[in-house]
Amino acid sequence: MTTKITSAPPAAGLRKESRRRPAASPSISTVGRPGFAWALPAALFFTLFAIVPLVMVAVLSFMSWNGLGSPQWVGTDNWSRLWDDPVMLKSVWLTLLLTALGVVIQTPLSILLGVWAAGYQRNRAVLSVIYFIPLLLSATAVSVLWRALLDPNFGIPADATWLFGDGNLFGEQATAIGVLAFVSTWQFTPFHTLIYQGAARSIPQVLYQAAEIDGAGRYRQFFHITLPQLRNSMITSMILMIVGGLTTFETVLILTQGGPGTDTTISAYYMYDKAFKGFDFGAGSAIALALVVAATIISLVVVKVSGYDKMRSSMEGVS
Amino acid sequence: MKTRARLPRLIATGATLALALSLSACGDGNGGASADDGKIHILVYGDATNKIEKQIVDKFNETSDVKAVLDTIPGADYQKKLQTIISTPQAPDVFFNWGGGSIKPFVKADLLLPLDDFIKKNPELESKFLPSVFNNAVVDGKPYGIPMRGTQPVLLFHNKNVLKKAGVQPPKTWDELLNAVDALKDEGVTPIALGGGDVWPTQMWFQYLFDRIAGPELFAKAIEGDKSAWEAPESKKALKMIRELVDAGAFGKNYDSVKYTNGGSVALVAQGKAGFELMGSWYYSQQLTDHPDFAEKGLGYSAFPTVEGGKGDPKNVAGNTNNYYSVLKKTKHPEAVAKFLELMYSDEFVKAQLDVGNLTTTTNTDEFIETSATPEYSRFQYDLVANAPSFQLSWDQAYPQSAASDMHKAIQQFFNGQLDADGFIKAMQALPTE
């Protein structure tokens, strides 16, 4: 295909669209799919605010710059320093750990809540709205809120010493990570619940009616009808969780500042630390670029492995 | 049906509102002068002293045609915000800094206006300030800053009632401090409040102990690039004493979860849950804002205790010499800026600062101390600073900005036991010194 494109003379009089997809063009144009012009505004914004900065970050990762004056070329210096940096390696593990914790904790919670919220019980709507509230708050507000609630001397730990001990939640690695995982769970479970609620609602009732006639109980219905039918939503939700987990930042910034020491310094925070606290924008850019590449690869792998890319319909077994 | 029809309109309204909000946020959220709006923008570290900066700006605006606007950035974010906007069109005309190392990179990048011309036109801009303080903002022989707050020695503050209950006197020596720690622990209070979450309050303990034990020369050596300074026996002794103090439970166990900047450690002392707190002299004005009743009746203070056998003069102090206003080269209203800076030695300025416990460094300060709201506190600071053979600048201000983050990590990790003395020494040796 690529050879065809390059070999095609520009003055051949073919329309842009047909040059790109010579074989499929007639059928597509008859269907009347909107042209590229429709995507232009979005593409323009995306280029201006995503592609251009991304390219600039890539260039900056080979430079040394402290925010003042003009940047200097330093070759691969930033990258080799990063490679030898133990904090960087640690931050990668911490990022993966927090992401994994997010997926493991939030998925079962939001499936259960979502399936429950998809039902037609009494008071369901009211409770669903209440569950939804954390999602309406900004991540910053949520983090500030929990930072105050978990203050060792003036928050909950001060009155619940039987549970929190000395209340040093932000001063030890295990508890600091626990707090981070808990706060993101509190904030993002409603969103994933919403995904599962929608998906569970779209499962045809006939499946349940048939199962009931066959004598399947509630648990069997859940494990043999609901869960399989939610498979595609699960993948969607997990990809969102993974990408969200890899790019978590403000929660760490406000709750722990990467501390104690570097014990909760995840990669995104380390990038900020390098760039905006140490004013080493070169190293910061290198971390940023590495994060983009890693997040893209992981998402692609998840999509491939899960068969999400070949997905056709979620109505398996209906026809 | 009705609700369904209404929904799209609701969404549209919401989206418009969100857009409008974010747009207006772009407009005024940058804390600086975007284009030339005919005003001078003054960027200041946000804390309790801002009310005086506001008062002075208002005073200036009464008479000046070119109006001044005060922009504040919350303390914890000040430095990074400043460095990100200073070489952009959003940069302010005048900004708050710590003099010395904190403005060197800006001078190097040719962003700052040397104040020679201002001083030539009005010599009082230099002669009205104490030379030792004024000189801290001289870079490569040229003045770049005008002192704009008070000098800020770090003092050991305490809650009088808590100490009285435990039968403890403000400690004069290190041993007395250790005894006080034990006595306060027996009373069931945290002996010393510490906002470890901010890390720079933790750093104050290092600054003072290193100075008391090794004298100011050791740190001066280290900052000039002699990495062996950190391995010196005095350095190891200071670290050992910090370790002992932490292990004795002087700071409780949850200090890393506590912050000064969100008022946590301040409230601990004010509410009698802790006995001491080591903090800069701005602590008084912070307590006065947060807990006025306690600040007036219960807040005591003393100098950092002496250490037996230490090489440093026990009269030495550590802290910030002062804060400064520096001027950007690109300002369009240098005359107005010069007029504004002249207010920094006005009687009104000196009185207002003294009334909240900030000790100004103008030559006329002495005559206002006795009539200020807190003559005793001002006099104590004044004598302390005037008699100090050496004034150790805060470590994170003395080192280049690029070192501050790693230095804070090392300090926090040594304090909470994640790093041993050797690990700390290695981390400090790895810091860039220029």
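Let me spell out the model: positive unit charges on the Cβ of Lys and Arg, negative unit charges on the Cβ of Asp and Glu, origin at the Cα centre of the protein assembly as shown. What dipole size does that give, in debye rounded to 20?
Values: 65 positive and 69 negative charges, 857 e Å.
Using only the charged Cβ atoms, the result is roughly 4120 debye.
If you average the sequence gap of Cα pairs under 8 Å that are 6 or more apart and divide by the length of chain B, what percent do you get for the contact order?
On the way: 718 pairs, mean separation 98.6, N = 434.
23 percent.
Going down the table (B:Lys104/B:Lys297; B:Lys172/B:Lys259; B:Lys128/B:Lys329; B:Lys165/B:Lys253), which pairs top 31 Å between alpha carbons?
Among B:Lys104/B:Lys297; B:Lys172/B:Lys259; B:Lys128/B:Lys329; B:Lys165/B:Lys253, the Cα-Cα distance tops 31 Å for B:Lys104/B:Lys297.
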Discussion item. If DNA, RNA and ligands are ignored and the probe is 1.4 Å, what is the ranking of A:Ser91, B:Ser132 by accessible area, most exposed first?
Written reply: B:Ser132, A:Ser91
Worksheet entry | Per-selection metrics, the range B:289-379 (Cα): Rg and Dmax in Å | 17.7, 56
Worksheet item: Taking the simple approach of a point 7 Å from Cα along Cα-to-Cβ for both A:Gln209 and B:Glu296, what is their distance in nm?
Response: 7.8
Discussion item. Let me check against my output: what whole-number percent is the relative contact order of the range B:346-408, with C-alpha pairs under 8 Å and at least 6 apart?
Written reply: 23
Worksheet, complete the sentence: When the charge dipole of the protein assembly as shown is computed with +1 on Lys and Arg Cβ and -1 on Asp and Glu Cβ about the Cα centre, the Cα farthest towards its positive end, among A:Ser285, B:Thr173, A:Gly217, belongs to A:Gly217
Practice prompt. Calculate what fraction, in whole %, of the accessible area of the range A:80-309 sits on carbon and sulfur atoms when a 1.4 Å probe is rolled over the protein chains.
Written response: 71
Response to the item:
Taking a straight Cα-to-Cα line shorter than 20 Å from B:Lys160, and setting aside same-chain aspartates and glutamates fewer than 8 residues away, one finds B:Asp175, B:Glu176, B:Asp182, B:Asp186, B:Glu187, B:Glu277, B:Asp290, B:Asp293, B:Glu296, B:Glu376
Worksheet item: Rg (Å, one decimal) plus Dmax (Å, integer) for the alpha carbons of the range B:277-434?
Response: 19.4, 56
Worksheet item: Can you give the relative contact order of chain A as a percent, counting alpha carbon pairs under 8 Å and 6+ residues apart?
Response: 26
Item to complete: Please report, to two decimal places, log10 I(q)/I(0) for the range A:80-309 at q = 0.10, 0.15, 0.18 Å⁻¹ as given by the Debye formula with identical point scatterers on the Cα atoms and no solvent.
Response: -0.57, -1.06, -1.30
Item to complete: Please give the residues of the range B:230-259, grouped as numeric ranges, whose backbone N is less than 14 Å from a label point set 7 Å along the Cα-to-Cβ vector of B:Gln271.
Response: B:258-259
Worksheet, complete the sentence: Of the convex hull drawn through the C-alpha atoms of the protein assembly as shown, the volume per residue in Å³ is 230
Discussion item. How much of the DSSP bridge set in chain B is antiparallel, in percent, rounded to the nearest 5?
Written reply: 60
Fill in: Dipole in debye (nearest 20) - chain B, about Cα centre, beta carbon charges: Lys, Arg +1; Asp, Glu -1
1460
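Around B:Leu113, with a cut-off of 11 angstrom between Cβ atoms, what is the net charge of the other residues, counting Lys and Arg +1 and Asp and Glu -1?
Working: positive: B:Lys142, B:Lys329, B:Lys330; negative: B:Asp93, B:Asp110, B:Asp116, B:Asp117.
Computed value for this residue: -1.
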Worksheet item: Sorted from largest down, what three extents in whole angstroms do the Cα atoms of chain B have along their principal axes?
Response: 75, 67, 47
Worksheet item: Over the range B:357-406, how many percent of alpha carbon pairs lie in each 5 Å bin up to the one with the longest distance?
Response: 4, 18, 21, 15, 11, 12, 9, 7, 1
Worksheet item: Per-residue accessible area for A:Phe249 at 1.4 Å probe radius, Å² rounded to 10?
Response: 50
Worksheet entry | Charge dipole magnitude, Cβ of K and R +1, D and E -1 - chain A, Cα centre, debye nearest 20 | 1640
Fill in: Sorted largest first, extent of the range B:79-222 alpha carbons per principal axis (Å)
60, 33, 32
Discussion item. I want the antiparallel fraction of DSSP beta bridges within the protein assembly as shown, as a percent rounded to 5.
Written reply: 60
Worksheet item: Considering only A:Gly258, B:Ile56, A:Gln187, whose Cα is most displaced toward the positive end of the charge dipole of the protein assembly as shown, charges sitting on Cβ of Lys, Arg (+1) and Asp, Glu (-1)?
Response: A:Gln187
Worksheet entry | Positive-end residue, chain B charge dipole about Cα centroid, Cβ charges, pick of B:Leu209, B:Val66, B:Asn161 | B:Val66
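How many percent of the alpha carbon pairs in the range A:111-185 exceed a separation of 19 Å?
That fraction is 51 percent.
The values are calculated or read from the model by the stated rules, or taken from the named source; none is laboratory data. This is a predicted model, so every value here is computed, not measured. No Cβ is skipped: glycine too gets one built from the backbone with ideal geometry, and neighbour counts run over all protein chains shown. For the accessible areas, the whole protein counts, side chains as well, though only heavy atoms, and no ligand, DNA or RNA atoms are used. Shrake-Rupley method; radii C 1.70, N 1.55, O 1.52, S 1.80 Å.
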